1. Among the residues that make up the stretch 27-36, is at least one of them among the β-branched types (Val, Ile, Thr), at pLDDT 75 or above and surrounded by 11 or more Cβ atoms within 10 Å (Cβ to Cβ)?
2. What number goes with the only condition from (1) within 21 Å of residue 108 (Cβ to Cβ); (2) part of a helix (DSSP H, G or I) that residue 54 does not pass?
3. So residue 104 clears everything in (1) modelled with pLDDT under 75; (2) assigned to a loop (DSSP other than H, G, I, E, B); (3) aliphatic (A, V, I, L, M) except one condition, right? Which one?
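The values are calculated or read from the model by the stated rules, or taken from the named source; none is laboratory data. Everything numeric in this text was worked out from a predicted model, so none of it was measured. Here Cβ is always computed from backbone atoms with ideal geometry, including for glycine, and neighbour counts include all displayed protein chains.
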Amino acid sequence: MDRICGPMSRCPLSRLWLSVSHGHVGDGNRHLNVLPPAGLSHEEIHGRVYEAKGAINAVPDDFGGSISAEHGIGRLKKPDFLSRSPPPQAPLLTAIKRAVDLCLVMSSGCQLNFGPDS
């Protein structure tokens, strides 16, 4: 799992998974890393990770927080980011990305989808 910000007391996963949390005193960002129980199959782990992401991401959603804290999105959180983005955000981010990265080589595919009409 990756980074979010929001109150740890609202995360129900702390009772089900091993979780390691650390944060920043100055900005309130909290990093939550969760590890599934030992002995699960790959399919069980994948299912539980999907379930865990939903529960973890509900915390910042409920409190107007962010799923990215200060580290950005990356490939694992891309669908979560895109589903939470207001409609004008993606075209604006796309225009900024194209202006700064003309060849689209920096962090390619991490946050935005680029097609021929982007």
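1. Initial filter on the stretch 27-36 (among the β-branched types (Val, Ile, Thr)): 34.
Then keep just the ones that are at pLDDT 75 or above; that gives none.
No, the stretch 27-36 contains no residue that is among the β-branched types (Val, Ile, Thr), at pLDDT 75 or above and surrounded by 11 or more Cβ atoms within 10 Å (Cβ to Cβ).
2. (1)
3. (1)
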